[in-house]
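Quick one: structure below, then a few questions.
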Amino acid sequence: MTIDWKKEAAARKEDFLADLISLLKINSVRDDSEATEEAPVGFGPKEALEAFLAFGDRDGFVTKNIDNLAGHIEYGEGDETLGVLAHVDVVPVGSGWETDPFDPVIKDGRIYARGSSDDKGPGVAAYYALKMIKELELPVSKRIRFIIGTDEESGWMCMDRYFEVEEKPDFGFSPDAEFPIINGEKGILTVYVSTQGTNAGGKNELTSFDAGLRENMVPQDATAVFNSQEAEKIEKDFYDFIEKSPVTGTVTIDGKQVTIEVNGKAAHAMEPRGGVNAATYLAIFLNGYSFGGDAKNYLEMTAEYFHDDSRAEKLELNYVDDIMGDLTINPGVFTFTPEDGGLIALNFRFPKGVSAESIEIGLDAKLGQYGVTLGRGKAQAPHYVPADDPLVKTLLNVYAKQTGLEAHEQTIGGGTYGRLFERGVAYGAMFPDSIDTMHQANEFMAIDDLMNAMSIYAEAIYELVK
């Protein structure tokens with residue numbers, strides 16, 4: 001039986017876009033301030049999960065909701081299970097949007113909205129691939145579970161709970177990265193660097209320093225408020241500084257109180273070079289002035305060790321693996337007040353050959369001089385599925401067949417649900433010529449890319465379960 005997968009995908013385009021737009025309209029940023037037993041990570045992610053499961057109910061699949069944290073849409077029978085894992089939560093919006101991030105706009109062949117590329121667009125494309133197989137009544141010899149999470153961008157609470165009560169698939173993929181395949185993912189580690197809040201002894205007293213929305217995003221905006229004996233000089237110097245720097249910003253003076261706002265560019269933490277870290281530029285500027293105590297240490301440490309050094313060379317933690325590439329560091333969240341002290345969340349992506357323990361030892365050696373304490377946050381080991389695994393070979397073959405492009409293995413610094421099981425990978429939906437706007441303002445996905453991904457996903461799923 002010969003199936004024209006692209007033709008079948010095109011026939012479903014109108015319905016696909018309608019479902020995707022309805023999902024994109026839901027603000028599904030995790031919100032702990034409204035978390036309840038009914039909505040463990042907030043009502044937005046819960047609403048998005050229910051909406052996705054409703055697609056499955058409407059289309060005649062078996063569905064299950066696990067505590068409003070995760071769920072699945074199931075099809076077929078067999079001794080083995082293929083897992084397809086996507087997420088409906090999104091990162092915070094941030095500044096710089098030209099349209100409402102939760103009111104999708106289609107323009108120039110692209111759909112603009114938060115989640116359009118990460119991960120609602122690819123997730124709905126993969127769901128429609130499964131729907132296509134069901135509607136074509138293709139024979140399958142394995143069970144297919146489309147698993148949906150609500151906390152991928154934060155702590156993965158969703159998957160922790162799901163796999164407490166549900167079995168893991170035998171193999172599978174997550175449509176949450178890029179083609180031709182991601183069969184290697186770096187380890188992920190967040191380290192929290194804390195200081196006290198002493199502030200006396202300088203011409204300036206730091207009232208607050210704030211930057212960053214999530215540790216897995218390059219901070220786009222940063223703000224410092226301080227009392228100063230040299231406010232007018234600082235104002236003039238700041239505007240000279242930003243003329244020579246890849247940031248914008250403003251200074252506001254109210255008596256002796258100075259407020260400085262800096263605007264950079266957000267990016268995914270897996271490649272900090274894609275962004276401009278507003279926080280470290282602000283620290284670079286302020287470090288040239290007289291601050292005292294822990295405020296001085298906080299600014300100096302940021303300027304000396306975290307600015308413009310995504311490979312952690314200044315910390316002497318730089319490392320390169322032949323397959324997985326560079327260790328990277330993203331200083332993602334900054335807070336400082338005299339009352340609560342200082343905090344910097346450092347997000348590392350590290351290859352084989354490096355461990356969380358070795359990173360912490362290196363940080364302590366360099367930053368101990370500032371009297372900091374270190375705390376470990378999220379930690380995941382590197383993940384790799386060999387290129388000769390039948391799963392990898394099948395997915396690469398389908399990609400090459402449908403695109404005519406070279407199919408080869410790849411490693412990324414991002415973390416996807418693919419790492420949740422031994423034979424798990426990430427697969428699309430971005431193509432080699434796609435523009436990556438994940439975690440950025442004005443996030444978009446080309447509609448043609450989504451339709452081509454749907455076609456690839458459908459054939460790939462069928463090849464894996466027939």
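Are any of the residues in the stretch 316-327 touching a helix residue (DSSP H, G or I) at 6+ places or on another chain (Cβ under 7 Å), in a strand (DSSP E or B), crowded, with 18+ Cβ neighbours inside 10 Å and in the same structural domain as TYR281 (by TED's automatic domain parsing)?
no
If the requirement is being touching a residue at least 24 places away in the same chain (Cβ under 8 Å), under 15 Å from HIS439 (Cβ atoms) and surrounded by fewer than 22 Cβ atoms within 10 Å (Cβ to Cβ), which of these qualifies: PRO92, PRO101?
When all the criteria are applied, what remains is PRO92.
Another one. In the stretch 426-440, what count of residues is obtained for those that are under 21 Å from VAL276 (Cβ atoms) and in contact with a Ser or Thr (Cβ under 7 Å, 6 or more places away or on another chain)?
2
Would you mind telling me which numbered condition in (1) among the aliphatic types (A, V, I, L, M); (2) in contact with a Lys or Arg (Cβ under 8 Å, 6 or more places away or on another chain); (3) at pLDDT 95 or above; (4) not assigned by TED's automatic domain parsing to the domain that holds ARG273 ALA429 fails?
It is condition (2) that ALA429 fails.
If I filter the stretch 398-409 for residues that are touching a residue at least 60 places away in the same chain (Cβ under 8 Å), within 23 Å of the chain's Cα centre (by Cα) and on the phi < 0 side of the Ramachandran plot, do I get at least one hit?
Yes: one or more hits.
Can you give me the ranges of the strands (runs of 3 or more DSSP E) entirely in the stretch 77-162 with at least 2 residues that are more than 16 Å from GLY415 (Cα to Cα), touching a Lys or Arg at 6+ places or on another chain (Cβ under 8 Å) and not basic (Lys, Arg)?
The qualifying strands (runs of 3 or more DSSP E) are 81-87.
Something else: Being assigned to a helix (DSSP H, G or I), out of contact with any strand residue (DSSP E or B) (no Cβ under 8 Å at 6 or more places or on another chain) and charged (D, E, K, R) is the filter here, so list the residues in the stretch 384-422 that pass it.
The answer is LYS393, LYS401.
Out of the residues in the stretch 27-59 that are of a type in the set (Gly, Ala, Ser) and more than 20 Å from the chain's Cα centre (by Cα), which is surrounded by the fewest Cβ atoms within 10 Å (Cβ to Cβ)?
SER33
Also, I was wondering about something else. Just checking, how many residues over the stretch 125-143 are under 15 Å from LEU464 (Cβ atoms) and either in contact with a Pro (Cβ under 8 Å, 6 or more places away or on another chain) or crowded, with 23+ Cβ neighbours inside 10 Å (or both)?
Total satisfying the criteria: 5.
Could you give every pair whose Cβ atoms fall below 9 Å, whose first residue belongs to the stretch 189-202 and is in contact (Cβ under 8 Å) with a residue 60 or more places away in the chain, and whose second residue is buried (at least 21 other Cβ atoms within 10 Å of the Cβ) and of a type in the set (S, T, N, Q), counting only separations of at least 6 or pairs across chains?
LEU189/ASN347; THR190/ASN216; THR190/ASN347; VAL191/ASN347
Scan the stretch 437-455 for residues that are more than 11 Å from TYR112 (Cα to Cα) and in a helix (DSSP H, G or I) and jot them down.
ASP448, ASP449, LEU450, MET451, ASN452, ALA453, MET454, SER455
Does the stretch 344-363 hold any residues that are part of a strand (DSSP E or B) and touching a Phe, Trp or Tyr at 6+ places or on another chain (Cβ under 6 Å), and which are they?
ILE344, ALA345
Have a look at ALA303, ALA278 and point out the one that is under 16 Å from ALA345 (Cβ atoms) and at pLDDT 95 or above.
After ruling out the rest, the residue left standing is ALA278.
How many residues does the stretch 172-201 contain that are more than 18 Å from the chain's Cα centre (by Cα) and assigned by TED's automatic domain parsing to the domain that holds GLU459?
2
Same structure, new question: Starting from the stretch 9-33, keep only residues that are within 14 Å of MET451 (Cβ to Cβ), then list their pairs with residues that are of a type in the set (S, T, N, Q) and modelled with pLDDT of 95 or more whose Cβ atoms are within a distance under 7 Å, requiring at least 6 positions of separation or different chains.
Once the first residue is within 14 Å of MET451 (Cβ to Cβ) and sits in the stretch 9-33, its partners that are of a type in the set (S, T, N, Q) and modelled with pLDDT of 95 or more give ALA9/SER455.
Among what's in the stretch 1-16 and is surrounded by fewer than 19 Cβ atoms within 10 Å (Cβ to Cβ) and of a type in the set (A, V, I, L, M), pick the residue that is farthest from TYR112 (Cα to Cα).
Checking each candidate, the answer is MET1.
Further question: Identify, by number, the condition in (1) among the aliphatic types (A, V, I, L, M); (2) in contact with a helix residue (DSSP H, G or I) (Cβ under 7 Å, 6 or more places away or on another chain); (3) farther than 26 Å from TYR370 by Cβ that ALA224 doesn't meet.
(3)
Would you confirm whether or not the stretch 147-164 contains a residue that is surrounded by 24 or more Cβ atoms within 10 Å (Cβ to Cβ), hydroxyl-bearing (Ser, Thr, Tyr), in contact with a Ser or Thr (Cβ under 7 Å, 6 or more places away or on another chain) and within 27 Å of PHE348 (Cβ to Cβ)?
Within the stretch 147-164, none of the residues are surrounded by 24 or more Cβ atoms within 10 Å (Cβ to Cβ), hydroxyl-bearing (Ser, Thr, Tyr), in contact with a Ser or Thr (Cβ under 7 Å, 6 or more places away or on another chain) and within 27 Å of PHE348 (Cβ to Cβ).
The values are calculated or read from the model by the stated rules, or taken from the named source; none is laboratory data. Every value quoted in this text rests on a predicted model; they were computed, and no experiment measured them. Counting neighbours? That spans all protein chains shown, and the Cβs are built from the backbone with ideal geometry, glycine included.
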